[in-house]
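Participant: Here's a structure for you.
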Amino acid sequence: MGRATRCARALAPLALVALASSHAAQNSFSKLAVGQRISDLSADGSVAVGTSGFGHFRWSEAGGIVFLGGYGPEGAANRAKISRDGTRVCGGSVDPTSGQYALSLYTDASGAWTQLAGIGAPCLAEVSSGGAISGDGTSIVGRGWLGCASAHALQWHASTSTSTDLGSSSSGGGSFASGTNLDGSVVVGWEEDALGSRQGAVWVNGVQTLLTDAASGLPLGEARDVSDDGTWVVGVGAIGNGYQAWRWSVATGGQSLGMLPGVFDPRGGATAISADGRIIVGFVHPDGTPEVFAEGFLWREDLGMVGLTNWAIAMGQAVPAATLLSLPRALSDDGSVIAGVARVGGGGAGFVMRMDELVADRWTISRSGGGAQSLALRSAPANAGKLYVLLGSLSGTIPGVSAGSLVLPLVPDAYFAARLNAPNAPPMSGGLGFLDASARASATLTLPAGFDASLLGLVAHQAYAVLDVPGSGALLDVSNAVSLTLVP
């Protein structure tokens, strides 16, 4: 019997009732002041940007809010967006000499806003307004005015410091670009006809495609975001798909994502998608109400659409009381950090929710093919070198096991006991060990093809605990839960 196994068996009963030490868990929930609304995240979720009445701002857990200036009033055409590395921000600013408002770029190197080229004459004092920045920071998209008669989607290129008019195929209508992929080769947004109806649009290297629902063939609503490789586009529902949030690809056409129950006369929209397209967040709200009065959702193929607030609590996140995660707007690349606007009373406050202590590469294993779920364990840096044990439950995550201020989000059952007694026994490898110098580890749950048919439909949840071994044996940290569903 190895040292880690002896320690775990000796200390496991203590660990599940011990008071938490002073080490902080890496999973976290941060809520900003009412009126400070977050709109985007860097690739790893460590930096967020948003807008308030005082202009655009950047936020990090360590540094809090830093106001960047720029033009402040919140609006769909005036939200700050950030590059993958967190060093370049797009938004809006006002030229102090001319008084004109325009799409602008803020860089760490300059410490200031630079207005970008428009595509035509301004409308009153507005030249252009912002939509998004590419992951590599070399392309910015939004809307540019062609006088007050029309406005078109535009794309600014860092290589030439010029903007391209992406055009509109609608006679008398305009267009708007709201998102772009990693390298700027794919731009998404919408086209508006002369009567104001909006249809989702994609521009690939400047060539436009209007988006339709695969089932009905009717137009989809505004496109809001796109995966890093440009394959998947997400957006807002329209009458042709029952006003449901949707995702679209060239191969599949538009696919509706469903609705949350209990919302009167619902209208849904997807606002952000992970880099690989596997995780989508968005909102469902009653018709005629602002998006911030919506209920936020998370969508995955294995889960379908679930209410974001309840899902986060079930996975072990400490969402504050009387806080509804109503309008998620941004995801980190791997989807483990979610940010947006929470409803607190009658107001909207920015939130950043980290659920990245335990991350899975998949959420289903099929009986026909078998397979492995790879798990990445990421604890707080102070826990480097400490003992971890990865546990599981077939009975869900609520109420979990309370240990002082921490809650391990697993309901104890026979599977929990089996994993506690033999953490590294099949089907799990890496279920017990010591975190490395970066407080990380990995584990794998493997099932062969043709596993027992009686297991079909089971949902297993995994989460881990970190113990002060070597040391006092106290419980230092618990992770969020991740799920695995066994399918045919």
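The values are calculated or read from the model by the stated rules, or taken from the named source; none is laboratory data. Not measured: the values here are computed from a predicted model. Every residue, glycine among them, receives a Cβ derived from its backbone with ideal geometry; neighbour counts consider all protein chains shown.
Participant: Looking at Gly45, Gly69, can you tell me which residue is crowded, with 21+ Cβ neighbours inside 10 Å, on the phi > 0 side of the Ramachandran plot and assigned by TED's automatic domain parsing to the domain that holds Asn181?
Facilitator: It is Gly45.
Participant: Looking only at strands (runs of 3 or more DSSP E) that lie completely in segment 418-488, which have at least 2 residues being under 27 Å from Ile313 (Cα atoms)?
Facilitator: Those strands (runs of 3 or more DSSP E) span 440-447, 459-467, 475-478, 482-487.
Participant: Is at least one residue of segment 203-216 surrounded by 21 or more Cβ atoms within 10 Å (Cβ to Cβ) and either assigned to a loop (DSSP other than H, G, I, E, B) or not assigned by TED's automatic domain parsing to the domain that holds Val250 (or both)?
Facilitator: yes
Participant: Let me spell it out: the conditions are (1) surrounded by fewer than 23 Cβ atoms within 10 Å (Cβ to Cβ); (2) outside any strand (DSSP E or B); (3) in contact (Cβ under 8 Å) with a residue 12 or more places away in the chain, and Gly316 meets all of them except one. Which number is the exception?
Facilitator: (1)
Participant: Let me ask something additional. Answer yes or no: is there a residue in segment 128-148 that is among the small types (Gly, Ala, Ser), assigned to a loop (DSSP other than H, G, I, E, B), over 20 Å from Gly86 (Cα atoms) and assigned by TED's automatic domain parsing to the domain that holds Trp203.
Facilitator: Yes, some residue in segment 128-148 is among the small types (Gly, Ala, Ser), assigned to a loop (DSSP other than H, G, I, E, B), over 20 Å from Gly86 (Cα atoms) and assigned by TED's automatic domain parsing to the domain that holds Trp203.
Participant: Being within 30 Å of Ser46 (Cα to Cα), free of Cβ contacts under 8 Å to residues at least 40 places away in the same chain and either surrounded by fewer than 18 Cβ atoms within 10 Å (Cβ to Cβ) or not assigned by TED's automatic domain parsing to the domain that holds Ala43 (or both) is the filter here, so list the residues in segment 80-111 that pass it.
Facilitator: Listed by number, the residues that qualify are Thr107, Asp108, Ala109, Ser110, Gly111.
Participant: Which residues, taken from segment 166-189, are crowded, with 24+ Cβ neighbours inside 10 Å, free of Cβ contacts under 8 Å to residues at least 60 places away in the same chain and more than 22 Å from the chain's Cα centre (by Cα)?
Facilitator: Passing the criteria: Leu166, Ser175.
Participant: Continuing with this model, one more query. Please pick out the residue among Leu467, Leu445, Leu475 that is within 15 Å of Thr364 (Cα to Cα) and touching a Leu at 6+ places or on another chain (Cβ under 9 Å).
Facilitator: Only one candidate passes the filter, namely Leu445.
Participant: Can Ser163 be described as in contact (Cβ under 8 Å) with a residue 24 or more places away in the chain and part of a loop (DSSP other than H, G, I, E, B)? Write out each step before concluding.
Facilitator: Details: in contact (Cβ under 8 Å) with a residue 24 or more places away in the chain: yes; part of a loop (DSSP other than H, G, I, E, B): no.
Spelling it out, it is not the case that Ser163 is in contact (Cβ under 8 Å) with a residue 24 or more places away in the chain and part of a loop (DSSP other than H, G, I, E, B).
Participant: Tell me, which residue of segment 49-94 that is more than 20 Å from Ala158 (Cα to Cα) and in contact with an Asp or Glu (Cβ under 7 Å, 6 or more places away or on another chain) is modelled with the lowest pLDDT?
Facilitator: Thr51
Participant: Residues being surrounded by 15 or more Cβ atoms within 10 Å (Cβ to Cβ), farther than 20 Å from Ala460 by Cα and modelled with pLDDT of 95 or more: count how many of those fall in segment 384-414.
Facilitator: 2
Participant: Can you pull out the residues in segment 266-285 that are modelled with pLDDT of 95 or more and surrounded by fewer than 19 Cβ atoms within 10 Å (Cβ to Cβ)?
Facilitator: Correct list: empty.
Participant: So how many residues does segment 271-300 have that are under 11 Å from the mean Cα position of the chain (by Cα) and within 16 Å of Leu325 (Cβ to Cβ)?
Facilitator: Qualifying residue count, segment 271-300: 9.
Participant: Still on this structure, I have one more. Determine whether Gly268 is in the same structural domain as Gly347 (by TED's automatic domain parsing), farther than 30 Å from Ala463 by Cβ and part of a strand (DSSP E or B).
Facilitator: yes
Participant: Ok, one more. May I ask you to verify whether Ala330 is in the same structural domain as Gly258 (by TED's automatic domain parsing) and either farther than 30 Å from Gly53 by Cβ or assigned to a strand (DSSP E or B) (or both)?
Facilitator: For Ala330, the condition - in the same structural domain as Gly258 (by TED's automatic domain parsing) and either farther than 30 Å from Gly53 by Cβ or assigned to a strand (DSSP E or B) (or both) - is met.
Participant: Name the one entry in Ser104, Ser98 that is on the phi < 0 side of the Ramachandran plot and assigned to a loop (DSSP other than H, G, I, E, B).
Facilitator: Result: Ser98 is the single residue among Ser104, Ser98 that is on the phi < 0 side of the Ramachandran plot and assigned to a loop (DSSP other than H, G, I, E, B).
Participant: Can we say Ala384 is more than 30 Å from Asp452 (Cβ to Cβ) and either free of Cβ contacts under 8 Å to residues at least 40 places away in the same chain or over 17 Å from the mean Cα position of the chain (by Cα) (or both)? Break it down into steps so the answer makes sense when it comes.
Facilitator: On the way: more than 30 Å from Asp452 (Cβ to Cβ): yes; either free of Cβ contacts under 8 Å to residues at least 40 places away in the same chain or over 17 Å from the mean Cα position of the chain (by Cα) (or both): yes.
So Ala384 fits the description; yes.
Participant: Within the set of pairs 6 or more residues apart or between chains, which connect a residue that is in the same structural domain as Ala238 (by TED's automatic domain parsing) and free of Cβ contacts under 8 Å to residues at least 60 places away in the same chain inside segment 280-291 to a residue that is of a type in the set (S, T, N, Q) and crowded, with 24+ Cβ neighbours inside 10 Å with Cβ atoms less than 6 Å apart?
Facilitator: Cβ pairs passing all conditions: Gly282/Thr271.
Participant: For segment 220-259, enumerate the residues that are in contact with a Leu (Cβ under 6 Å, 6 or more places away or on another chain) and surrounded by fewer than 24 Cβ atoms within 10 Å (Cβ to Cβ).
Facilitator: Those that are in contact with a Leu (Cβ under 6 Å, 6 or more places away or on another chain) and surrounded by fewer than 24 Cβ atoms within 10 Å (Cβ to Cβ): Asp228, Gly240.
Participant: Further, regarding this structure: Return yes or no: is Asp228 over 17 Å from the mean Cα position of the chain (by Cα), over 14 Å from Phe283 (Cα atoms) and among the acidic types (Asp, Glu)? Break it down stepwise before answering.
Facilitator: On the way: over 17 Å from the mean Cα position of the chain (by Cα): no; over 14 Å from Phe283 (Cα atoms): yes; among the acidic types (Asp, Glu): yes.
It is false that Asp228 is over 17 Å from the mean Cα position of the chain (by Cα), over 14 Å from Phe283 (Cα atoms) and among the acidic types (Asp, Glu).
Participant: Scan segment 256-270 residue by residue and report those that are under 12 Å from Leu298 (Cα atoms) and not small (Gly, Ala, Ser).
Facilitator: Passing the criteria: Leu257, Met259, Leu260.
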